[in-house]
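Here's the structure, in structure tokens; my notes come after.
Since every read-out is calculated from the coordinates, none of them should be taken as a lab result. Just so we're clear, the structure is a prediction, and the values are computed from it rather than from any experiment. Here the Cβ positions follow ideal geometry from the backbone for every residue, glycine too, while neighbour counts run over all protein chains shown.
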Amino acid sequence: FACLAWSHSETRLLYVAEKSRPKPQPPCPWDVPGAAWPAAEDEDEEGKQFVYHKDWGEALSTRSVPVLCILDLQGLSLSVLKGVPEHLSPGQALWSPDDHGVVFVGWWHKPFRLGLNACSNRRRPWDADPLLPTELLSAEEGSVCSPRLSPDGQRLLYLEGAVGGPHRQCLRLRVVSWASWAPGTAVPPSQCPAPLAAFAGLYAEALPPRCWAADSRRAVLGTPQRSRTQLWSPTRVLSPGSSERCWELLTLQWDLLVASCSAPHHPPSLVVTVLPPAGQELPLGWVPVEDTPTVPGVTWKTLTIQPPCSGHGPAAQGEPLEALLLSPSDGTPPHPLVVCPHGECRDSGDTLAVLVAAQVMPMFTPGGPHAVFDARWRPSMAALCQLGFAVLLVNYRGSLGFGQASISSLLSRVGEQDVADTQLAVEQALHREPLDPHRLALLAGSHGAFIALHLLAREPERYQACALRSPVSNLPALLGTSDIPDWRYTSLGLPYSFERVPCAEEVATMLLRSPIAQAAQVQTPVLLCVGARDRRVSPTQALELYRVLRARGVPARLLWYPEGGHALAGVETEADVFKNCAHWFLQHLGQ
């Protein structure tokens with residue numbers, strides 16, 4: 001929801017705040033039986049102290065009713081913007097070109113709120129409010145975000161996606177003429193599998209706050225393209241084509257591009273360049289402002305893996321998938337291998353928090369199968385290499401950056417296609433690289449942990465250790481505990497509506513796809529790390545699994561972080577998780 005925008009006259013400040021609620025009466029100060037505070041002046045608030053207020057879920061538990069506020073520095077006044085429809089929660093607001101109104105995104109919160117974090121599929125049209133009744137500017141049934149006004153005030157750029165379906169998917173980049181409200185698609189979504197060199201679609205969660213060129217005709221943003229994140233201006237790549245790094249745009253101001261770039265063996269470097277006139281963008285001469293040295297002891301490569309053609313479903317089922325292999329450059333092969341199927345979105349910094357361009361990038365953020373392991377710096381993975389492990393980061397079919405058909409191919413096939421792809425990636429890596437097939441481990445979180453548990457049940461003797469964060473193990477149990485109950489239906493190809501109650505057959509289908517149903521097959525020692533405040537995947541999922549494993553004599557350990565959420569974020573928590581995972585692998589792989 002966040003926004004903080006000066007008016008063009010720089011006399012008013014627009015921002016978003018949480019609507020305050022009347023505070024409950026404090027306990028009675030007199031220790032006399034039957035004594036009470038005098039009657040409340042507002043009788044309407046009587047008896048409402050314990051009324052349930054729905055919030056916006058994981059990482060947004062303190063956000064329920066956002067309001068737009070205006071601080072007037074000339075009139076020394078503070079006001080809440082009126083006229084926002086009651087069924088919308090406003091945010092991401094900016095001033096209109098003449099300062100007579102504001103544009104904002106409105107999240108639909110009727111009949112109740114669904115989790116927003118890492119979900120681009122929520123119903124959220126955007127409106128123009130001339131400080132009077134609002135006017136709808138986008139499709140009412142659409143999902144839009146990140147409105148960005150051009151420097152000349154003539155065009156509005158924003159991202160648009162479909163409502164429902166996968167929680168992350170291919171988006172459209174749209175531009176609207178402010179004078180006529182005539183929308184035009186700048187970059188359409190990729191509907192078919194993309195050749196290796198082609199544009200594979202747009203997957204950015206948000207546009208950079210400053211992404212317009214000075215000419216108000218071009219914009220720059222970053223998006224995953226297979227296992228790389230590249231900088232794009234519509235129709236052309238701006239990051240070096242031969243670069244093996246991942247790029248992130250930090251800001252674009254007065255045609256000065258500021259970006260960071262990193263690789264699995266290279267921490268982020270700060271680089272700048274000047275954006276040339278239209279049509280002369282390539283090649284760009286990037287200048288390092290603050291370069292970082294390559295980390296010794298780590299090498300990496302991209303493995304392309306061709307899955308067998310299933311003969312049914314979307315065409316993307318036969319498209320190649322990719323995996324990143326990090327290997328120790330020191331030591332004697334064959335190396336033990338840690339396998340990581342992704343389950344989180346924006347694995348920006350990984351286990352150890354990294355400070356880059358004044359932004360602390362956490363280890364993981366809540367997500368699901370529609371994410372991607374791009375070839376960026378991840379401190380914990382480099383650290384595992386320096387401990388002597390090779391690491392395999394698997395982008396199974398359904399990952400971002402490979403086209404919308406790839407994303408859609410996973411629907412109704414979770415627990416099958418994603419598990420088979422990860423299993424195939426492991427077999428191919430063992431066949432091609434100097435890796436030890438007798439010393440294998442699994443490291444994963446959220447949906448990645450769901451895949452890992454299926455692998456442990458399928459091949460009980462293959463893996464010698466497993467460490468999981470916030471694992472998904474019992475699908476039907478998440479229906480009443482997760483902030484995204486819609487995903488439980490969508491992932492299995494079932495329709496969802498707010499009033500939906502599963503029938504017995506659907507609950508049975510969910511349970512059959514759940515790793516907990518196969519827990520009796522697991523023999524591998526399992527470390528479980530969970531946050532007590534996880535709103536996406538209840539920590540009771542791990543607790544149930546822990547009890548089953550212990551009852552069957554399987555070595556299991558549960559780490560319970562009282563203040564942790566789904567991402568187990570925070571320097572102290574992330575460091576403790578990494579330390580325990582590394583020790584678990586060293587203990588059980590015989591290093």
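Tabulated data for the structure shown
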{"read-out": "Those lysines that a straight Cα-Cα span of less than 29 Å connects to Lys82, excepting residues fewer than 8 apart in one chain", "value": "Lys19, Lys23, Lys48, Lys54, Lys110"}
{"read-out": "Efficiency of FRET between Thr481 and His8 - r from beta-carbon atoms, R0 41 angstrom, step 0.05", "value": "0.30"}
{"read-out": "Estimated FRET transfer efficiency (His438, Glu544; beta-carbon r; R0 22 Å; 0.05)", "value": "0.10"}
{"read-out": "Set of lysines near Lys301 by C-alpha distance (under 28 Å), chain-local residues within fewer than 8 positions excluded", "value": "Lys579"}
{"read-out": "Peptide ranges 61-70, 266-275 listed from the most packed, as the mean C-beta count within 10 angstrom indicates", "value": "266-275, 61-70"}
{"read-out": "Euclidean distance between Cα centres, the stretch 73-111 to the stretch 429-456, Å", "value": "48"}
{"read-out": "Listed residues Val419, Ala429, Val391: farthest to the positive end of the dipole of the stretch 362-443 (Cβ charges)", "value": "Val391"}
{"read-out": "Label-point separation, Leu78 to Ala17 (7 Å along Cα→Cβ), nm", "value": "0.4"}
{"read-out": "Charge dipole of the stretch 401-530 about the Cα centre (unit charges at C-beta), most positive-ward option of Phe402, Thr509, Ala519", "value": "Ala519"}
{"read-out": "Where the Cα pairs of the stretch 190-293 fall when distances are cut into 5 Å bins, in %", "value": "2, 12, 24, 25, 20, 12, 4, 1"}
